[in-house]
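The structure appears right after this line, and notes come after that.
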Amino acid sequence: MTVLPLPASSDRPSIHPLGNEKKADLATSGPAAAAPTAAYLHIPFCRRRCFYCDFPISVVGDARWGDRSCTICAYVQQLCQEIAQTPAHSEAFPMTRPLETVFFGGGTPSLLSVGQLEQILAALRQQFGIAASAEVSMEMDPGTFDLAQVQGYAAAGITRVSLGAQAFQSELLAVCGRTHTADDIPQAVALLRQAGIENVSLDLISGLPGLTMAQWHESLERAIALNPTHLSIYDLTIEPGTVFGKRYTSGEAPLPSDDATTEMYRQAHQHLTTAGYDHYEISNYAKPGYACRHNRVYWENRPYYAMGMAAASYVQGQRFTRPSTREAYYAWLASGALIDCAPTPLMEQLLDTLMLGLRLREGLSVAALRNQFGDETVHRLVEGLHAYVRQGLVQIDSGDRLHLTVPDGFLLSNTVLAHLFHLFS
Amino acid sequence: MTDVSVSNIRNFSIIAHIDHGKSTLADRLLQVTGTVSDRNMKQQLLDNMDLERERGITIKLQAARMNYTAKDGQQYVLNLIDTPGHVDFSYEVSRSLAACEGALLVVDASQGVEAQTLANVYLALENDLEIIPVLNKIDLPGAEPDRVAGEIEEIIGLDCSDAIQASAKEGIGIDAILESIVRQVPPPQDTTEEPLRALIFDSYYDPYRGVIVYFRVMDGRLKTGDRVRFMASGKEYEIDELGVLSPHQIQVDELHAGEVGYLAAAIKAVADARVGDTITLAAAPAPVPFPGYTEAKPMVFCGLFPTDADQFEDLREALEKLSLNDAALRYEPETSSAMGFGFRCGFLGLLHMEIVQERLEREYTLDLITTAPSVIYQVTKIDGEVVYIDNPSLLPDPQHRERIEEPYVQVDMITPEEFVGSLMELSQSRRGVFKDMKYLTQGRTTLTYDLPLAEVVTDFFDQMKSRSRGYASMEYHLIGYRDNPLVKLDVLINGDKVDPLATIVHRDKAYYVGKALVEKLKELIPRHQFKIPIQASIGSRVVASEHIPALRKDVLAKCYGGDISRKKKLLQKQAKGKKRLKAIGTVDVPQEAFMAVLKLQ
């Protein structure tokens, strides 16, 4: 594979906080047929595994990070090879379009050295191009980087950082098996700003073992005080096979009760909207213009590339998830990186559109749904939602925007979606 | 097909308890006589329905004609008439036994005689059948042929000195069985010159040829083209097709006394050619039919409702089609304020009920809600009128009724001695009246109780099995109606009375059942967006109450990368769960809730 020279620093895209991002073309054949302008890169390495986590990752330990680690080096090589092998144009979309959003997720992408990050971005530029105004996000954990490193990242092209704060109580962080302390969080934010990265998002987790309402308020207030552009609030899910899965049962002490976590969700909504954040998605809040452009691609059911172990792409109507171990992923690459799955059938596209689109506060356009799925389907949909409209969980505004109410509808979104799945299956 | 003289015909059936190896033995006989080539052999050949093969039981019986050259050098025709192996179908068993001169009594040599076997042996003895004891599974390390032979001698009074030791699985003793059939089972009487009488022992509906009737010619002869009369139904038909079962149908022109065969005559429903009816010639009818015909009466009733009201017509069509093939199945439309339109259906017993439900769901792809089984109550009203109530919600109010009588059955259980105490406790707790206890051989005991049928159709059988670690077996038959202080227990969900959950219980048990029932319902009904009270009441008096707290949160926060498949799977699972929910008012109630009364501790 070719390693391109590093881009000059003048190429570095600046932050472009866009209000209402331009929607991808809704071609008559459906949005999936348009050329993707988003790419997800999976960096499956962590220093250790958090106790709630069941993502496909490799634990590399404290000593083995940076470019000294041949494990990560080898992976980056393979990842760049996949990028180079991914067609940037096809019969369906003959024109190559530069990427508008890039997202480094993990794992802990901040375990990449600056050189490794540059290598990957260079491969993307070579293959697809990256728009000057692109949003280039990276997930980072507090305590995994220093100033020089983030300055390097910023120089390489990172424009947005999503910081895994999770909680502002060191004892809770320890309970989760996190490697950082509460004090690492403001320090990490300061480092990012010093490096010129202003677009910073914080992740918080509600429903952690022993989390009290007072502590939750404290976390929210301390997060707001750091003035991030964006916040993601996740309710802890107990996954089987994790340390938490072995230790705890959902809804039972020391986990907060369902009533308590419901209240935490409502409190988050209350505090953050009061502080000027828009509750624009079930678990996401943003200052005006700072909604995550990359994640919106998913929620709007638009196509995206994805590269890396276990990464899921949606290109030309095909949803494909790569093998979830490194060995299997490398073998898949070596055998030609074949994406051999059927394109998503129309009915599944409808379910995907509903499941993803209703996560957004703005919801879905009835007219666009009618365009893509036909009158009869939309009629059944609207009829099927009638009971939820009456219960105040769903609204159809000015006859077009179909959306869940905030926060009541958001809180019971699965009830509504399961009903729609039942209706259309 | 070879023509055969009456003296060289042997008609026999196999009596065995479930799992004692009847189907395997039948398969082996077909194989050894060359009736079915090894290549075409599939396990349990006679059990045609998928359900039968899955459960290893025979529901619809079948027959097979085998050619066998015996050691005496003569050619014999052996007709095996298979019998269903479940108490629900004892009438069918009695009719197929009536079509035979002999029976193989197959007993698992590692187990012993079971209650159902015993009941069927008595049926065979009533029909004067020659009984050949076979000790099966002799190859098992735990086989105790001497003990089991002793048990047969002691319980049934059958000489077991010549009992055949066999293993159908290993092919041991098969020749000896065939020779014994030839030597010991008497040939049919040669009544070929008498007026035709053929006994129907089974029939099924074929969509192309109409009902296919299986029969044994008792007297006389019949040919293709003959006009025949079914003596009980009075219907007449011309025979389109006549044949024997080998075990697949092979056409012949004529059958005579002693032979077993099938006919097709464009008959529209099995109700026109019921099991036990006698076929005679319309032109030269026999003076009297063969004795023993009765119409099977349903004993167990339940409501069947489509989950989706749009499927009501589909359900009606499916029931119509099933009843073409099942003369014992009864159904009539039922309307319930809670459930909408459905059918009240009557069955011979619990297994029959389960089979019909399963066939409706599998073969007709219906989503059904089944209500808990009920029996038929005989209610005498104040004005002296007697009404029969098979639906608890229709029980007249207390001020209008003089008394309620409920059906009782005599239950015979055979059990190893160590479980006697536990089974007595079970019977007692189900309002049983102790009748008899007999010690059989080597620590095995029979227990006899009179029990209300309503208590037996719940989970009595499962309880008996679990309390005896699977060792006990049971048989029951109806003995009449008895007067009891019974009350109707209503269930209210969210303030609305839910008819299909109403149940008739003994007054002394009403509080306990009510309390256990609302607790169970609380477990089974999913949370809704609002708090749901659940109450049990007798008349207007609430005897137990619980509530399901409101669902406040049902959301998946995490959406990992672009991988939507996990979230989608979870939603699909949740959506699938909704399939089995019936909307009652604003509350979605799952199928299991309607069976809750059967699952109380």
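The values are calculated or read from the model by the stated rules, or taken from the named source; none is laboratory data. Since the structure is predicted, the reported quantities are computational estimates derived from the model, not experimental observations. Cβ coordinates were reconstructed from backbone atoms using ideal geometry, including for glycine residues, and neighbour counts include every protein chain displayed. Quick note on the areas: whole protein, heavy atoms, side chains included, nothing else; ligands and nucleic acids left out. Shrake-Rupley method; radii C 1.70, N 1.55, O 1.52, S 1.80 Å.
Charge tally around residue B:437: other residues with Cβ under 12 Å, Lys/Arg +1 each, Asp/Glu -1 each, net 0. Gyration tensor analysis over the Cα atoms of region B:352-437 returns equivalent ellipsoid semi-axes of 30, 27, 10 Å (largest first, whole Å). Placing one identical point scatterer on every Cα of region A:149-246 and ignoring solvent, what is log10 I(q)/I(0) from the Debye formula at q = 0.14 Å⁻¹? Result of the Debye calculation: -0.56.
Scaled to the globular estimate 2.2 N^0.38 Å, the Cα spread of region B:193-243, given as radius of gyration, is 1.12. A dipole drawn for chain B from +1 and -1 charges on Cβ atoms has a positive end, and of B:386, B:104, B:333 the residue lying farthest that way is B:333. The aspartates and glutamates within cross-link reach of residue A:287, meaning a Cα-to-Cα straight distance under 17 Å and a gap of 8 or more places when in the same chain, are A:21, A:135, A:198, A:203, A:221, A:278, A:362.
Give me the number: length gained by fully extending residue B:570 to residue B:159, i.e. 0.36 nm times residue separation minus the C-alpha to C-alpha distance, one decimal in nm. Could the numbers behind the result be given before it?
Numbers: separation 411, 0.36 × 411 = 147.96 nm, distance 6.38 nm.
Full-extension gain reported as 141.6 nm.
Apolar share of the accessible surface for region B:514-601: 53 percent from carbon plus sulfur atoms, 1.4 Å probe. Only one residue of B:562, B:551, B:594 has its Cα farthest out toward the positive end of the dipole of region B:538-600, where Lys and Arg carry +1 and Asp and Glu -1 on Cβ, and that residue is B:562. Charged side chains reduced to their Cβ positions (Lys and Arg at +1, Asp and Glu at -1) give the protein assembly as shown a dipole of some 3780 debye around its Cα centre. A straight chain from residue B:429 to residue B:266 at 0.36 nm per residue would run longer than the Cα-Cα distance by 53.5 nm. In this Cβ point-charge picture (+1 for Lys and Arg, -1 for Asp and Glu), chain B has a dipole of about 3060 debye about its Cα centre.
Sort region B:459-575 into rounded, prolate or oblate with this rule: let a ≥ b ≥ c be the square roots of the eigenvalues of the Cα gyration tensor; rounded if a/c is under 1.5, and if a/c is not under 1.5, prolate when a/b is larger than b/c, oblate otherwise.
Details: a/c = 3.61, a/b = 1.60, b/c = 2.26.
Cα axes put region B:459-575 in the oblate bin.
Among A:278-284, B:126-132, the peptide with the highest mean count of other Cβ atoms within 10 Å heads the list, and the full ranking is A:278-284, B:126-132.
Once fully extended, how much extra length lies between residue B:394 and residue B:176, figured as 0.36 nm per residue of separation less the alpha-carbon to alpha-carbon distance? Show your work: numbers first, answer last.
Values: separation 218, 0.36 × 218 = 78.48 nm, distance 5.85 nm.
Extending this stretch completely gives an extra 72.6 nm.
Charging the Cβ of each Asp and Glu at -1 and of each Lys and Arg at +1, and nothing else, the dipole of region A:171-293 about its Cα centre rounds to 280 debye.
By DSSP, the beta bridges lying fully in chain A are antiparallel in about 35 percent of cases.
Would you please state which residues of region B:241-272 a label at residue B:194 would reach in this model, taking the label point 7 Å out along Cα→Cβ and a backbone N cut-off of under 15 Å? Answer for region B:241-272: B:256-259. What the Cβ-Cβ distance of residue B:402 and residue A:383 gives, at R0 = 51 Å and to the nearest 0.05, is a FRET efficiency of 0.50. Can you pick out the pairs among B:515/B:578; B:381/B:509; B:520/B:582; B:578/B:599 whose Cα atoms lie more than 19 Å from each other? Violating the 19 Å limit, Cα to Cα: B:515/B:578; B:381/B:509; B:578/B:599.
Whole-percent P(r), chain A, all Cα pairs, 10 Å bins from 0: 4, 21, 31, 29, 14, 2, 0. For region A:249-287, the residues whose amide N sits under 16 Å from a probe point set 7 Å from the Cα of residue B:550 along the beta carbon direction are A:258-267.
Each of A:321, A:272, A:331 was placed along the dipole of region A:222-350 (beta-carbon charges, centred on the mean Cα), and the one lying farthest toward the positive end is A:331. Each principal axis of chain B carries a Cα extent, and these read 82, 74, 56 Å when sorted largest first.
Centre-to-centre separation between the Cα atoms of region A:300-370 and those of region A:90-130: 17 Å. Once B binds A, the 1.4 Å probe can no longer reach about 3300 Å² of accessible area, counting both sides. Here is the tail figure for region A:65-210: Cα pairs spaced more than 18 Å apart come to 60 percent of all pairs.
The value for region A:267-306 of Rg(Cα) / (2.2 N^0.38 Å) is 1.34. Remark: region B:177-261 carries 41 Å² of accessible area per residue (probe radius 1.4 Å; ligands, DNA and RNA excluded). Here's the list of lysines a cross-link from residue B:268 could span, going by alpha-carbon distance under 30 Å and ignoring same-chain residues fewer than 8 apart: B:60, B:223, B:235, B:297, B:321. The solvent-accessible area of residue A:158, taken with every protein chain present and a 1.4 Å probe, is close to 10 Å². Report the Stokes-Einstein translational diffusion coefficient (µm² s⁻¹, integer) for region B:182-339, Rh taken as the Kirkwood radius over Cα pairs, at 37 °C with viscosity 0.692 mPa s. Estimated diffusion coefficient is 190 µm²/s. The modelled label-to-label distance between residue A:243 and residue A:324, using points 7 Å beyond Cα along the C-beta direction, is 2.1 nm. The distance between label points at residue B:583 and residue B:32 comes to 6.2 nm (points 7 Å beyond Cα on the Cα→Cβ vector).
Which trypsin sites (Lys or Arg not before Pro) in region B:510-601 pass both tests, a DSSP loop state and at most 13 other beta-carbon atoms within 10 Å?
Details: sites: B:515, B:520, B:522, B:527, B:531, B:541, B:552, B:553, B:558, B:566, B:567, B:568, B:569, B:573, B:576, B:578, B:579, B:580, B:582, B:599; in loops: B:527, B:531, B:552, B:553, B:558, B:580.
Loop-located and lightly packed - B:531.
With both labels modelled 7 Å from their Cα along Cα-to-Cβ, the residue B:169 to residue A:257 distance reads 5.5 nm.
Per residue, the convex hull spanned by the Cα atoms of region A:193-299 amounts to 128 cubic angstrom. Here residue B:506 and residue B:439 are evaluated by their C-beta separation; at R0 = 41 Å the FRET efficiency comes out at 0.85. Charge tally around residue A:220: other residues with Cβ under 15 Å, Lys/Arg +1 each, Asp/Glu -1 each, net -3. Take every DSSP beta bridge whose two residues both sit in the protein assembly as shown, then give the antiparallel share in percent to the nearest 5. Bridges in the protein assembly as shown are about 70 percent antiparallel. Charge tally for residue B:466 (other residues, Cβ to Cβ under 14 Å; Lys, Arg +1; Asp, Glu -1): +1. Remark: relative contact order (chain B) = 10 percent; criterion is Cα-Cα distance under 8 angstrom and separation of 6 or more residues.
All Cα-Cα distances of region B:194-283, cut into 5 Å bins from zero to the largest, leave 3, 17, 30, 31, 16, 3, 0 percent in each bin in turn. Computed over the protein assembly as shown, the alpha-carbon pair-distance distribution with 20 angstrom bins reads 11, 30, 26, 23, 9, 0, each value a whole percent.
Computed over chain A with a Gaussian network model linking Cα atoms closer than 10 Å, the most mobile of A:336, A:251, A:289 is A:336.
If you count, for each residue, the other Cβ atoms within 10 Å and average over each peptide, how do B:345-355, B:417-427 line up from highest to lowest? Each step should come with its number before you reach the end.
Working: B:345-355: 22.5, B:417-427: 17.1.
The most tightly packed comes first, giving B:345-355, B:417-427.
Between region B:132-171 and region A:202-235, the alpha-carbon centres lie 76 Å apart.
Computed over region B:277-388, the quotient of the alpha carbon radius of gyration and 2.2 N^0.38 Å is 1.35.
Averaged over the residues of A:385-394, the number of partner chain Cβ atoms lying within 10 Å of the residue Cβ comes to 1.
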